[in-house]
Amino acid sequence: MADTTNLSIRIDRGLKDEADRMFSALGMNLTTAITVFVKQAVMQRRIPFEITLPNDGKEASRQAAIEATERIWQNSIKNGTDNMTLDEINSEISAARRERRERRQSEASV
């Protein structure tokens with residue numbers, strides 16, 4: 001028999017009970033499951049599964065913002081506005097507003 005040692009850990013009781021039921025269904029106890037985990041970690045020299053943060057929606061929002069920015073950039077290239085300065089953009093906006101206002105005034109006087 002291999003030389004063994006005791007390992008004492010603290011874990012939430014509900015989590016332990018749930019793990020006991022799950023591992024029992026797989027034909028092993030919690031000690032065996034932890035031993036399998038540790039053996040795999042040592043053999044692979046890493047945690048043997050991916051660890052990620054829960055998706056709180058922030059990453060999806062961040063990715064959506066990146067994609068929206070990329071679409072805006074691609075449209076600006078397609079429209080030839082990708083090299084415009086802020087002053088040029090503001091000038092175009094002012095001109096478009098002026099044209100719209102003049103059009104409304106001429107339509108109202110007809």
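The values are calculated or read from the model by the stated rules, or taken from the named source; none is laboratory data. All values derive from a computational prediction rather than experimental measurement. Here the Cβ positions follow ideal geometry from the backbone for every residue, glycine too, while neighbour counts run over all protein chains shown. For the accessible areas, the whole protein counts, side chains as well, though only heavy atoms, and no ligand, DNA or RNA atoms are used. Shrake-Rupley method; radii C 1.70, N 1.55, O 1.52, S 1.80 Å.
Please report the net charge: other residues with Cβ closer than 14 Å to the Cβ of residue 105, K and R +1, D and E -1.
+3
Could you check the spin-label model distance between residue 47 and residue 89? Points 7 Å from the Cα along Cα→Cβ, value in nm.
If labels sit at residue 47 and residue 89, their model points lie 4.1 nm apart.
Place the peptides 29-36, 15-22 in order of packing, highest mean first, counting for every residue the other Cβ atoms within 10 Å and averaging per peptide.
Ranked from most to least packed, the peptides come out as 29-36, 15-22.
Report the far tail of the P(r) of the range 51-110, meaning the percent of Cα-Cα pairs longer than 13 Å.
Looking at the range 51-110, the distances longer than 13 Å represent 75 percent of pairs.
Whole number in Å², please: accessible area per residue of the chain, 1.4 Å probe, ligands, DNA and RNA not counted.
95
Helices from the chain with mean Kyte-Doolittle at least 0.0 and a Cα length along the axis of 20 Å or more, per DSSP H: which?
Correct list, ordered by number: 30-44.
What length, rounded to one decimal in nm, is gained on full extension from residue 108 through to residue 79, with 0.36 nm per residue of separation minus their alpha-carbon distance? Working shown, then result.
On the way: separation 29, 0.36 × 29 = 10.44 nm, distance 3.24 nm.
Length gained between residue 108 and residue 79: 7.2 nm.
Can you pull the Kirkwood radius for the chain, inverse mean 1/r over Cα pairs, to one decimal in Å?
Here the Kirkwood hydrodynamic radius works out to 21.5 Å.
Given a Förster distance of 25 angstrom, what is the FRET efficiency for residue 59 paired with residue 20, based on the Cβ-Cβ distance and rounded to 0.05?
Working: r = 33 Å, r/R0 = 1.32.
Here the calculated transfer efficiency is 0.15.
In nm, what is the difference between 0.36 nm times the number of residues separating residue 5 and residue 35 and their Cα-Cα distance?
So the chain would gain 9.6 nm between residue 5 and residue 35.
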